[in-house]
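Laboratory data are not the source of any read-out in this text; all were calculated from the coordinates shown. What you see is a predicted model; the values in this text were computed from it and never measured. Reconstructed Cβ throughout: ideal geometry from the backbone, glycine too, with neighbour counts over all protein chains shown.
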Amino acid sequence: MTETKQYLTRERYDALKTELDELKTKRRKEVAENLEYAKKLGDLSENAEYHEARERQAEVEDRIQYIENMLKSASIVQGDHGDVVEIGSTVSIVRDNESDMRIYSIVSSEEADSASGKLSNISPLGAALLGKKCGDTIKVKTPKGMVSYVIKEIK
């Protein structure tokens, strides 16, 4: 498996480290205790609590592995960006023939949340913005056809 560099803000990186610590200490212990309890209930082949505890154990271990791999390949993005859009930039754009300004922060796919204005660097719009400067026009293919945006500000 090839590791892809993950771009994370300092806040997201710290949140993942906290989650990892919680999973490794508290959640693993809770799941192990539930598993031991379920084993004592008898026949494992028909023991629903045992099977549920095994599923939770697998979920916790999968999440631990996912976070560890992400943190291993993580690159922390800085908040200070020049005049070019990059991961971590906050960009103000205006769609052609509209006056409403849209503001997006360019983040990794791990942090993307369109409702909060966090746009993934691999989304069509996010990818089109990367490397562009203030005043540039970008075109993005959407289900309704090509849409043009003008970059008004980069922070």
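Here are the numbers:
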{"read-out": "Pairwise label distance in nanometres, Ala48 with Lys141, each label 7 Å out on the Cα-Cβ vector", "value": "4.9"}
{"read-out": "Helical mean residue ellipticity (222 nm; -39500 (n - 2.57) per DSSP H run of 4+; nearest 500) of the chain", "value": "-11500 deg cm²/dmol"}
{"read-out": "Set of lysines with alpha-carbon distance to Lys5 below 20 Å, sequence-local pairs under 8 removed", "value": "Lys17, Lys72, Lys118"}
{"read-out": "Percentage relative contact order, the chain, counting C-alpha pairs under 8 Å, at least six apart", "value": "23"}
{"read-out": "Cα-based helix-to-principal-axis angle, 48-72 vs the chain, degrees rounded to 10", "value": "40"}
{"read-out": "Nearest-20 debye value, the chain charge dipole, Cβ charges on Lys, Arg, Asp, Glu", "value": "560"}
{"read-out": "Degrees between helix 28-39 axis and first principal axis of the chain (Cα, 0 to 90, nearest 10)", "value": "40"}
{"read-out": "Of Thr142, Gly126, Ile103, farthest towards positive along the dipole that unit charges on Lys, Arg, Asp, Glu beta carbons give the range 90-154", "value": "Thr142"}
{"read-out": "Distance in nm between pseudo-label sites at Glu55 and Glu36 (7 Å out along the Cβ direction from Cα)", "value": "2.4"}
